[in-house]
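As structure tokens, the structure follows; a few thoughts come after it.
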Amino acid sequence: MTANKPIMIAILILALIVLVIVGFATGGPSPEDLYKEAYVQVVEQYHAENDEYKFDLVDTDADGVPELVADLPGFHVSLFTYEDGAVRCLMDHWPYGAMGNAGYSYVPEEGIYCNTNSDMAGAIRYTYFMSKHEEGELATDYWVEAINFIDLDGDGIASEEELEASEDFEGTLEYYNETDVEMSESELKETIDGYFGCDWEELVGILGYDSIMKKLNS
Ligand SMILES: [Ca+2]
Ligand SMILES: [Ca+2]
């Protein structure tokens, strides 16, 4: 039986390691449980406000803690993150679905967000690229104005005649930098073209109340 002694010792050591790990894991709420508890409060609040809300957990910035989406489909969307032991609101009832606002999207794990807005049935299209800043909600870093009509009379408005005259017009793009980082025109264009080339995902809620609560309580 002495041949089994090293195996017995190995099993004992393994059992000890498992005990230590379990002990740590149950020693108090892990950071994971903390964000879940905090998000449950937010979900409860939104669901009480309107039971049409849809939710989702998405990792927009790869910090290991998912962000919470609370979306009233076609009306407005809110986004929350959990940092420094508290919920931080990144988008507070941001409207979409009307007045040419197509809604919001993000590049998973990159921490960048996008909104597009059209004016005059798409004659002018604005694209805003945003990120999380030191405090407050998401803020715009860069934006682009796409002008898709020839403004013959220069009043900034697309008239019927101008839209008709612009059918084959390719459009022009104006690039704007709202960051503190100095950039040449070509650097700015390159940066923004890089953003346009990313794989964007729609920032929308897909889970009903029961499904999100199940996820948060698991
Ligand atoms: Ca995150
Ligand atoms: Ca005009």
*Mind listing whichever residues of region 141-199 are of a type in the set (Ser, Thr, Tyr), buried (at least 16 other Cβ atoms within 10 Å of the Cβ) and not in a loop (DSSP other than H, G, I, E, B)?*
Tyr142, Tyr175, Thr191, Tyr195
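Considering only residues that are small (Gly, Ala, Ser) and in contact (Cβ under 8 Å) with a residue 40 or more places away in the chain, which ones fall in region 86-120?
Ala86, Gly103, Ser105, Gly111
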*Unique match (being surrounded by 14 or more Cβ atoms within 10 Å (Cβ to Cβ), small (Gly, Ala, Ser) and closer than 17 Å to Trp200 by Cβ) among Gly111, Gly100*: Gly111
_Can you pull out every residue in region 97-139 that is among the basic types (Lys, Arg) and over 12 Å from the mean Cα position of the chain (by Cα)?_
Arg125
*asked:* Residues that are part of a loop (DSSP other than H, G, I, E, B), modelled with pLDDT under 95 and touching a helix residue (DSSP H, G or I) at 6+ places or on another chain (Cβ under 7 Å): does region 53-64 have at least one?
replied: no
*Considering only region 65-77, how many residues are assigned to a loop (DSSP other than H, G, I, E, B) and either touching a residue at least 40 places away in the same chain (Cβ under 8 Å) or of a type in the set (A, V, I, L, M, F, W, C) (or both)?*
3
*Looking at region 130-140, which of its residues are part of a loop (DSSP other than H, G, I, E, B) and either free of Cβ contacts under 8 Å to residues at least 24 places away in the same chain or more than 28 Å from Tyr113 (Cα to Cα) (or both)?*
His133, Glu134, Glu135, Gly136
*asked:* Residue under question is Ala121, and the condition is that it be assigned to a strand (DSSP E or B) and either surrounded by fewer than 17 Cβ atoms within 10 Å (Cβ to Cβ) or not acidic (Asp, Glu) (or both); does it hold?
replied: no
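The rows are residues; the columns are (1) of a type in the set (A, V, I, L, M, F, W, C); (2) closer than 24 Å to Gly197 by Cβ; (3) within 16 Å of ligand 1 (Cβ to nearest atom).
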{"position": "Leu72", "(1), (2), (3)": "yes, no, no"}
{"position": "Ser78", "(1), (2), (3)": "no, no, yes"}
{"position": "Ala98", "(1), (2), (3)": "yes, no, no"}
{"position": "Ile112", "(1), (2), (3)": "yes, yes, yes"}
{"position": "Tyr126", "(1), (2), (3)": "no, yes, no"}
{"position": "Asp141", "(1), (2), (3)": "no, yes, no"}
*Determine whether region 79-86 contains at least one residue that is charged (D, E, K, R) and surrounded by fewer than 17 Cβ atoms within 10 Å (Cβ to Cβ).*
yes
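The values are calculated or read from the model by the stated rules, or taken from the named source; none is laboratory data. Source: prediction; values computed, not measured. Positions of Cβ are generated from backbone atoms using ideal geometry, with glycine treated the same way; all protein chains shown enter the neighbour counts.
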